[in-house]
1. From the list A:208, A:156, which one is more than 19 Å from the chain's Cα centre (by Cα), exposed (fewer than 14 other Cβ atoms within 10 Å of the Cβ) and over 28 Å from residue A:111 (Cα atoms)?
2. With the structure loaded, tell me whether residue A:106 is more than 16 Å from residue A:135 (Cβ to Cβ) and crowded, with 19+ Cβ neighbours inside 10 Å or whether it fails that test.
3. Going through segment A:36-77 one residue at a time, which ones are surrounded by fewer than 15 Cβ atoms within 10 Å (Cβ to Cβ) and within 14 Å of chain B (Cβ to nearest Cβ)?
4. Quick check on this structure: which one of A:215, A:225, A:197 is surrounded by 16 or more Cβ atoms within 10 Å (Cβ to Cβ), within 11 Å of chain B (Cβ to nearest Cβ) and either under 17 Å from the mean Cα position of the chain (by Cα) or farther than 20 Å from residue B:58 by Cα (or both)?
5. For chain B, give me every one of the helices (runs of 4 or more DSSP H) that falls completely inside it and has 3 or more residues that are within 30 Å of residue A:83 (Cβ to Cβ) and more than 14 Å from every other protein chain (Cβ to nearest Cβ).
6. Taking the stated definitions as given, is residue B:39 touching a helix residue (DSSP H, G or I) at 6+ places or on another chain (Cβ under 6 Å) and within 26 Å of residue A:233 (Cα to Cα)?
7. Please determine whether any residue of segment A:178-185 is away from chain B (no Cβ under 12 Å), part of a helix (DSSP H, G or I) and in contact with a helix residue (DSSP H, G or I) (Cβ under 6 Å, 6 or more places away or on another chain).
8. For segment B:59-77, state whether one or more residues are over 12 Å from the mean Cα position of the chain (by Cα) and exposed (fewer than 14 other Cβ atoms within 10 Å of the Cβ).
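Bear in mind these aren't lab numbers, they're just calculated from the coordinates by the rules spelled out. Quick caveat, the model's predicted, so the values are computed rather than measured. Neighbour counts run over all protein chains shown; Cβ positions are idealised from the backbone, glycine included.
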């Protein structure tokens, strides 16, 4: 259906950009095949390395521009973990910082023309979300033992409705990794598809000035969304971490 | 007429699921608007609540994204 659509309607199909393709030709994709997803995830790691390791290598008292960006990112995430998860959440700051930087850079690199957005794939975001979910659940049981289950027993509510609330709490607990991952992937897919739809309209001469304006406007919005989604993903991780450390309402 | 009734149903379903996105927009607007009206009454307390604002927006938005996902599934997966 996709090819039929492309030949009749738009110049190219807006969802073509999300195709996972082997880098070195061929069709078969095995688990070890280097694909464009592999390439862009690698580039994400390289970009983070350039910013955080090489950029701050000078350790100058008066930071250079790159160093101050790295310090800004560090301070931003540090404050977020401290505010939301509390002082004892700071032990897990390195993992949360890693998550934030990876998602932020994957989102931003996906905005480059001809780029591939790794975070637009549910397969990628589900791994990130499940890692948080399983990690936080294990951590909750290790730290609190069986009293971690107090998370589902809302003591501030009247006794009669507590069992009902417990069922709702358990359902909402297990929906967490779903919404956590789909939110990121959905936002990225939707935004990039809209940009490509506007770009495809530019093929018609009458529409092209309007379409280019639309692309520029959506691009600006997408830069904002890329940041906000990375922020939301990390702050929800902090909230879940807080629940695991302090399960009592 | 080409295509079949199932094909038509897919497109209609995807269109209907767009309503969900509009409703999520109402929800997000409600969260942000209420935050703003509270923040203007007490600006000194606003800065400490931006994290809560974003969490609220994220929860409201997630359901709109789910309906977008339903549309995508109907168009490309079913």
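1. A:156
2. yes
3. Across segment A:36-77, the qualifying residue is only A:76.
4. Residue meeting the stated conditions: A:225.
5. Counting at least 3 such residues, we get B:5-41, B:43-46.
6. It is true that residue B:39 is touching a helix residue (DSSP H, G or I) at 6+ places or on another chain (Cβ under 6 Å) and within 26 Å of residue A:233 (Cα to Cα).
7. No, the conditions are met nowhere in segment A:178-185.
8. Yes, some residue in segment B:59-77 is over 12 Å from the mean Cα position of the chain (by Cα) and exposed (fewer than 14 other Cβ atoms within 10 Å of the Cβ).
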